[in-house]
Amino acid sequence: MKQEVSTMEDGSIQSYLAPTVVSKLKIKNKCIRVVLAETLCTFIMMVFGLGTVAQVVTGNGVFGEYFSINVGFGLGVAMGVHIGGKVSGAHMNAAVSFTMCVFGRLRWKMFPLYVFAQFLGSFLAAGTIYLLYYDAIHHYCGGNFTVSGPKATAGIFATYPAPYISIYTGFFDQVLGTAMLLLCLMALADQRNQPVVPGGEPVGVGLLVILIGVSLGSNSGYAINPTRDLGPRVFTLMAGWGMEVFRAGNGWWWVPLVAPFIGGVTGALTYKAFVELHHPDLKSTKTQSAEDPESVPLEKCKNGSTEMSV
């Protein structure tokens, strides 16, 4: 009792109570922690990505161009992985979560939670960018919120196909883009191939998104992510762009909602069929290395000899 009184008298009561307060605020339920992390990392990715688009569109090219959008989304993804990578895996994409479920890397009961968190993060990010750039958007389009035309602004938030793109080409575009995303993500995570160095995951994934953008993005804005597209689209419906956001592009809205699921599974399956399934088992690899010195990797050799380093 005397020790507690002296603790209060010498002004260190804050340090005495801090652990107790923190322990009471700490959430221990795994599902809630995953939802919070996935919502936040998706929000961060989308704020940076949509913010870049808003600058490019409303600035008429003064504050960036198409490549800026690719870099903005790529670095936004990298920051998102930093924020939620060790908690939720930082999928930030319903197609990624779906593919992980298909291949047994995520339980199906978690899938609705991931989709909800990703949709919520995207929706809130769209609202944040709308508030931040409202004056700029209003000045750019004169208060006439349109989906198409020379002063269209709906594309700041959701994706729309180029006028010359058919639904069929657009569907293939989204399948291919998402397939490339998941194929490369599987490779980056394959510990028996050439994975990114520990701690380098955010940079690797961010560069992958930039690569997809600069090579496959011009047809329809490379959504390759159902929740990234649907959340902001619903927001624009509510914010003044109206039902045209769902009618534009011959009813384009369902393509980035459906095609990425097919593309994600296709890409992951392709990597497994061509590479992952054919990895030799560890036992046979060790036996081969012991019997055949020429099979020892270069980095395992000492001073140019075939002696294996320990």
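The values are calculated or read from the model by the stated rules, or taken from the named source; none is laboratory data. These numbers come from a predicted model, not from an experiment. Positions of Cβ are backbone-derived with ideal geometry, glycine not excepted, and every protein chain shown enters the neighbour counts.
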Taking the condition of being free of Cβ contacts under 8 Å to residues at least 12 places away in the same chain and not in a loop (DSSP other than H, G, I, E, B), how many residues in segment 55-64 meet it? 0
Looking at (1) of a type outside the set (A, V, I, L, M); (2) surrounded by fewer than 21 Cβ atoms within 10 Å (Cβ to Cβ); (3) assigned to a helix (DSSP H, G or I); (4) over 14 Å from the mean Cα position of the chain (by Cα), can you tell me which one Asp173 breaks? (2)
Between a residue in segment 271-291 that is assigned to a helix (DSSP H, G or I) and any residue that is of a type in the set (Lys, Arg) and modelled with pLDDT under 90, which pairs come within a Cβ distance under 9 Å, given they are 6 or more apart or on different chains? Ser289/Lys300
Can you name every residue in segment 120-163 that is among the hydroxyl-bearing types (Ser, Thr, Tyr) and at pLDDT below 95? Ser148
What are the pairs with Cβ atoms under 6 angstrom where one residue, in segment 25-51, is under 22 Å from Gly74 (Cα atoms) and the other, located anywhere, is of a type in the set (Phe, Trp, Tyr) and in a helix (DSSP H, G or I)? Sequence gap at least six, or different chains. Glu38/Tyr114; Gly49/Phe73
Residues Thr20, Thr52, Thr7: which one is over 30 Å from Arg107 (Cβ atoms), modelled with pLDDT of 90 or more, part of a helix (DSSP H, G or I) and more than 13 Å from the chain's Cα centre (by Cα)? Thr52
Taking interchain pairs and intrachain pairs at least six residues apart, which have beta carbon atoms under 6 angstrom, with the first residue in segment 207-221 and modelled with pLDDT of 95 or more and the second aromatic (Phe, Trp, Tyr) and buried (at least 21 other Cβ atoms within 10 Å of the Cβ)? Val209/Phe73; Ile212/Tyr222; Gly213/Tyr222; Leu216/Tyr222
Do the conditions hold for Leu188, that is, is it farther than 30 Å from Gly242 by Cα, in contact with a helix residue (DSSP H, G or I) (Cβ under 6 Å, 6 or more places away or on another chain) and either free of Cβ contacts under 8 Å to residues at least 12 places away in the same chain or not charged (D, E, K, R) (or both)? yes
Please indicate, with yes or no, whether at least one residue in segment 40-61 is out of contact with any helix residue (DSSP H, G or I) (no Cβ under 9 Å at 6 or more places or on another chain) and surrounded by fewer than 20 Cβ atoms within 10 Å (Cβ to Cβ). yes
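Checking the condition hydrophobic (A, V, I, L, M, F, W, C) and over 21 Å from Gln118 (Cβ atoms), which residue from Val203, Val234, Val209 passes?
From the options Val203, Val234, Val209, the qualifying one is Val203.
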Test for Gly304: is it farther than 19 Å from Ser148 by Cβ and either modelled with pLDDT under 95 or not in a helix (DSSP H, G or I) (or both): yes
